[in-house]
Amino acid sequence: MRAFTYERAPTVDAAAKAAAGNPEAKFIAGGTNLLDLMKLEIEKPSHLIDVNGLGLDTIEKTPEGGVRIGALVRNTDLAADETVRRDYALLSRALVAGASGQLRNKATTAGNLLQRTRCPYFYDPNQPCNKRQPGSGCSAIGGVTRQLGVVGVSDACIATHPSDMAVAMRALDAVVETVKPDGAERAIPIADFHRLPGDTPHIETALEQGEFITGVVLPAPVGGKQIYRKVRDRASYAFALVSIAAVIQPDGQGRVAVGGLAHKPWRVEAAESELPKGARAMASALLADSRPTEQNKFKISLTERTLGAVLSEAKG
Amino acid sequence: MQFDKPATTNPIDQLKVVGKPVHRIDGELKTTGRAMYAYEWHDPGLRYAYGYPVGSAFAKGQITSIDSAAAKKAPGVLGVVTTLDVGDLQKGKLNTAKLFGGSEIQHYHQAVAVVVAETFEQARAAAALIRVDYVREKGAFDLKAAMTNAETPDPSTEPESSAGDFRAAFAAAPVAIDAEYTTPDQSHAMMEPHASIAAWNGDEVTVWTSSQMIDWWRSDLAITLGMDKEKVHLMSPFIGGGFGGKLFLRVDAVLAAFAAKAIGRPVKVALPRPMISNNTTHRPATVQRIRIGAERDGKITAIAHESWSGDLRGGGPETAVMQTRLLYAGENRMTAMKLATLDLPEGNAMRAPGEAPGLMALEIAVDEMAEKLGMDPIEFRIKNDTQVDPENPERPFSHRDLIGCLKLGAEQFGWDQRARPATRREGNWMIGMGVAAAFRNNLVMPSGARVRLDQDGVVTVETDMTDIGTGSYTIIAQTAAEMMGVGVDKVAVQLGDSRFPVSAGSGGQFGANSATSGVYAACVKLRDAVASKLGFNSADVVFENGEVRSGNRAVALAEAAGHGGLVGEDTIEWGDLTETHQQSTFGGHFVEVGVDIATGETRIRRMLAVCAAGRILNPITARSQVIGAMTMGAGGALSEELAVDTRHGFFVNHDLAGYEVPVHADIPRQQVIFMDETDPYSSPMKAKGVGELGLCGVSAAIANAIYNATGVRVRDYPITLDKLIGDLPDVA
Ligand SMILES: Cc1cc2nc3c(=O)[nH]c(=O)nc-3n(C[C@H](O)[C@H](O)[C@H](O)COP(=O)(O)OP(=O)(O)OC[C@H]3O[C@@H](n4cnc5c(N)ncnc54)[C@H](O)[C@@H]3O)c2cc1C
Ligand code: SF4
């Protein structure tokens, strides 16, 4: 870990401004991801802007009938919130499937969206990695890839986004609200928030330098059966091999986002018309352009099978 | 004391303290954070500095230069010691890979430097500034590819054995199987990282460390540092787990010693977690071929077990065939091990080396064979039980109750509820039961102790024995209490200090039995000293309730000790009872699993182990050993695998996020039953080891349960869902 300077931002504007003036600055929220990465010098901010004093820790109803989740709402509080549990059970279920109780107590909504990949080569600073060091090459391709991506991958990077929360938010059509250093506010649909790796895998989101997340808005509840099914090697405290976030309506229509497959929560709206035809049709539409490796091609059938189980559960 | 005849009645048989469920005497220190682990040792009079290690970024080759200029200028840095600075060092006798010194790199994350600073954070930051130039060499990293060049290892490893004519008998057998199994590289993944503090005083060094074997470390540290062993003082009173990963000297102690010398202050060095899997040792992967031939009635006529593993040049094989020499009858048999040279980190002992991976394979093969014969797997095992060493039938087992374990286990577990493969369903869960035999040899090691009696009647035991979380403190206290006729509250136990008599140490499940036998021997000496001081005839002396009695004379122990106190010291040494008799421990593992029909995820529902391991010295600590081992076996069956990058030669998932050991949610109800037995051939304690037995066979029982649940036979560990789903029923 490199030495860094530290400040506690008094206001959102001040936070964004402080970040704008220093390209090596980073916000720190729960710190559960950033600090680990700093210890390994994968992240090397020279300045930390602590945003924990900014409030932004409430969940409020919006005039449109949805909710606005403050950027600093802890994962534990979000999962336990009465409205969320009732109207957005999918989100609550996804959150409690992630990390551990202790981590969720610290982890924030914004930090969770911005957590970085768990590609093991990304975590080993001795190994070339285009995401860690642009242009150095991808060590994972041709190496140990069981956990890595099968769809939306590129020749530069095949990493996945590890968040559970983000997968549920993708299915719920969340919108990420931000403030730029110049004070301009933006609302970024979650579909556009995370990027595919392309040839710039180090650029992971639509955020600009210094842009600060203030919250996440969920549109009015969509009802339906809301199922989050996370598949993993051990029963808890493991990242998803595949996770399915589904909202299934009584007529068999619905939405499906999948985690563990790609550099972003994987949802193909156009494929959702296949949903009433069943898991096989839906999965093959979702994964039409998949490019798995020998070690992770099982994720293709795992997705289909898990989706099948989710659809039967939704019926039952 | 020479133990060369089976034990007769002795004071331990009173079982007033030994065998009782005494809670850990060190438990309160640990739960209140007062037990000082190596890195936490703190003497207010010393000014500690912090060393941070740098590991090699490549697996094999030569370092040409190391640039530490930037690191030396970094804030707080007190010094840098590189592997080139110290030059070639003599390697410890028990190390395969060299730990430090010289330009040659033998494996990934081999230590190349240590950076010392005022604070840990400064040392870590500066360590990232070290630049190493090197010339890489090609290495062999893939066991399957290297198998063809594998050779028969050194005869001292007893690589081959045979009896009868396996080939002919196998060819003639009416029912036979021939299958290949693989087990992966595994990491000890103990909770406490390897850590040491070194402090020099003139030409003498004191090292607080985390070691299972004080004397081995002390000797090898002296060799590595090129100094007199007498000038090395080692302390390791508390150890946060080892599992074999702390049997042999590790580099943290070497780096701390060099760093402390270089800067003239005590230095602390811990291995960062991501460095542990590649810097230290691991359990090597195996490829195993097993052939079994039997008559239609289930009698085994031919059995062969071959195993291939790899290690650095100069290393040894994973002895995965050993249990097959002893576990089942069969007139015609052979075993063989082959060793390939690999340039991965050093392979070495991990809990139940040999038997753990060996039984992972053998006990699936036995299940497959039983099925082929149309027999119940328990019945098949019972039919092929043997009371003698099948390769040397003149050698009986000292005591063997595998059948008792299997029968009792079957009854307790409800084995009769087991259904045919892939027929039991509960919702999305396919349910199955599996069984496996547990087997691990009972090893014994010489073990010394010194026991003092003081004027307050307190008995103090001193031995360099270690407690790696197993309960050594407690069972040693129980032994001394029983022998001296006092309560455990009157016994103080001091462990893990090289100034104390050399003990067995902790490994190979020999620790409990050997170390308590050493304490027994020392107590016999102390009892004699007490008796002779009082002029008692030691033959009829009774030690009871804090008193020593002979006829109608009774003297309080405190009084007998007097101002000067009394001391007894001895070492237990072993005659040839381990040669005349095969001493082993036995058990039966029973497991019920559910396999998700859609995803192939396996979740364990219940586990039972029935163990026959001689006298159980303390049912609480013994149970903890067994349930811990069952948990480790669950990891081995379902998730633990060091993933090898066969291009670059290193274990990729080198942290605890990537190397998945079981978490609480993976472990359901675990039940442990100990057979009520003693083994007088084993030791005066009549006890045997149990810490490794609990692991032996567990993973195979889980594998067999998965087969019973799904009808899918997986022969490659870990049994992750990707190996199952292709064969599970269609659910879409
Ligand atoms: C052992 C372990 C297991 C885990 N398992 C799972 C799992 O199974 N599933 C899962 O989903 N997650 C898992 N996680 C990840 C965990 O969810 C994240 O670490 C956590 O959500 C990050 O939130 P944080 O507030 O601590 O973020 P921080 O670490 O504080 O920040 C993360 C990033 O977000 C940026 N940031 C934070 N707040 C803002 C803001 N308001 N605006 C702009 N940028 C901001 C920071 O600069 C930083 O780059 C695991 C983590 C660990 C350590
Ligand atoms: S997959 Fe992406 S994160 Fe992993 S090594 Fe390649 S570039 Fe880096």
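Here are the numbers for this structure:
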| read-out | value |
| --- | --- |
| Total residues in the stretch A:25-34, condition away from ligand 2 (no atom under 16 Å from the Cβ) and within 14 Å of another protein chain (Cβ to nearest Cβ) | 1 |
| Criterion (open to solvent by less than 20 Å² (accessible area, probe 1.4 Å) and among the β-branched types (Val, Ile, Thr)) met by exactly one of B:460, B:516, B:470 | B:516 |
| Matching residues in the stretch B:51-72 - criterion: being under 30 Å from residue B:201 (Cα atoms) and under 30 Å from the mean Cα position of the chain (by Cα) | B:51, B:52, B:53, B:54, B:55 |
| Pair list, Cβ < 8 Å and 6+ apart or interchain, from the stretch A:5-18 residues that are acidic (Asp, Glu) to residues that are loosely packed, with under 11 Cβ neighbours inside 10 Å | A:13/A:183 |
| Residues located in the stretch A:209-222, provided they are open to solvent by 20 Å² or more (accessible area, probe 1.4 Å) and either among the basic types (Lys, Arg) or at pLDDT below 95 (or both) | A:209 |
| Residue match in the stretch A:58-67 (condition: farther than 29 Å from residue B:656 by Cβ, without any contact (Cβ under 8 Å) to a residue 12 or more places away in the chain and open to solvent by 40 Å² or more (accessible area, probe 1.4 Å)) | yes |
| Members of the stretch A:269-286 that are within 15 Å of residue A:306 (Cβ to Cβ) and open to solvent by less than 10 Å² (accessible area, probe 1.4 Å) | A:275, A:279, A:282, A:283, A:286 |
| Hits in the stretch B:94-108 - residues which are open to solvent by 40 Å² or more (accessible area, probe 1.4 Å) and either assigned to a strand (DSSP E or B) or closer than 13 Å to residue B:72 by Cβ (or both) | B:104 |
| Among (1) closer than 29 Å to residue A:155 by Cβ; (2) buried (at least 18 other Cβ atoms within 10 Å of the Cβ) - the single one residue A:225 does not satisfy | (1) |
| Tally of residues being in contact with a Pro (Cβ under 9 Å, 6 or more places away or on another chain) and among the aliphatic types (A, V, I, L, M) across the stretch B:543-572 | 1 |
| Output for the stretch B:635-649, where each listed residue is open to solvent by less than 50 Å² (accessible area, probe 1.4 Å), under 26 Å from residue B:137 (Cα atoms) and either of a type in the set (S, T, N, Q) or more than 8 Å from chain A (Cβ to nearest Cβ) (or both) | B:642, B:649 |
| When residues of the stretch B:109-143 are limited to those that are polar (S, T, N, Q) and part of a loop (DSSP other than H, G, I, E, B), the one most open to solvent (accessible area, probe 1.4 Å) | B:119 |
| Qualifying residues in the stretch A:228-260 (those that are open to solvent by 30 Å² or more (accessible area, probe 1.4 Å) and away from every other protein chain (no Cβ under 14 Å)) - the one nearest to residue A:189 (Cα to Cα) | A:255 |
| Filtered residue count, the stretch A:126-142, keeping only those that are within 18 Å of residue A:260 (Cα to Cα) and crowded, with 19+ Cβ neighbours inside 10 Å | 2 |
| Given (1) assigned to a helix (DSSP H, G or I); (2) modelled with pLDDT under 95, number of the condition residue B:657 does not satisfy | (1) |
| Qualifying residue in the stretch B:387-402 (condition: within 26 Å of the chain's Cα centre (by Cα) and in a helix (DSSP H, G or I)) | yes |
| Residue ID - farthest from the other protein chains (Cβ to nearest Cβ), chosen from residues in the stretch A:261-316 that are farther than 16 Å from residue A:152 by Cα and of a type in the set (S, T, N, Q) | A:273 |
| Test: residue in the stretch A:159-170 that is over 19 Å from residue A:109 (Cα atoms), more than 13 Å from ligand 1 (Cβ to nearest atom) and within 14 Å of chain B (Cβ to nearest Cβ) | yes |
| Qualifying positions in the stretch B:569-625 - assigned to a helix (DSSP H, G or I) and open to solvent by less than 20 Å² (accessible area, probe 1.4 Å) | B:577, B:621, B:622 |
| Qualifying positions in the stretch A:118-129 - closer than 15 Å to residue A:161 by Cα and touching a Ser or Thr at 6+ places or on another chain (Cβ under 6 Å) | A:121 |
| Of all residues making up the stretch A:287-305, the number that are of a type in the set (D, E, K, R) and crowded, with 18+ Cβ neighbours inside 10 Å | 3 |
| In the stretch B:155-191, residue nearest to the chain's Cα centre (by Cα) [restricted to those that are assigned to a strand (DSSP E or B), more than 21 Å from residue B:393 (Cβ to Cβ) and of a type in the set (Asp, Glu)] | B:180 |
| Selection count, the stretch B:656-710, where residues are more than 15 Å from residue B:590 (Cβ to Cβ) and of a type in the set (Lys, Arg) | 2 |
| Flag for residue B:553 being over 30 Å from residue B:426 (Cα atoms) and in contact with a strand residue (DSSP E or B) (Cβ under 9 Å, 6 or more places away or on another chain) | no |
| Filter result for the condition that a residue is open to solvent by less than 30 Å² (accessible area, probe 1.4 Å), farther than 21 Å from residue A:178 by Cβ and within 14 Å of chain B (Cβ to nearest Cβ), over A:95, A:90, A:37 | A:37 |
| Residues located in the stretch A:108-135, provided they are over 22 Å from residue A:193 (Cα atoms), within 13 Å of another protein chain (Cβ to nearest Cβ) and either away from ligand 1 (no atom under 16 Å from the Cβ) or in contact with a strand residue (DSSP E or B) (Cβ under 8 Å, 6 or more places away or on another chain) (or both) | A:121, A:124, A:125, A:126, A:127, A:128, A:129 |
| Selection within the stretch B:255-283 - of a type outside the set (Val, Ile, Thr), touching a Leu at 6+ places or on another chain (Cβ under 8 Å) and closer than 26 Å to residue B:142 by Cα | B:273, B:274, B:277, B:279, B:282 |
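The values are calculated or read from the model by the stated rules, or taken from the named source; none is laboratory data. The model shown is predicted, which means the values in this text are computed figures rather than measured ones. FYI the Cβ positions are ideal-geometry reconstructions off the backbone, even for glycines, and counts take in every protein chain you see. We work out accessible area using only protein heavy atoms, side chains counted, and drop any ligands, DNA or RNA first. Shrake-Rupley method; radii C 1.70, N 1.55, O 1.52, S 1.80 Å.
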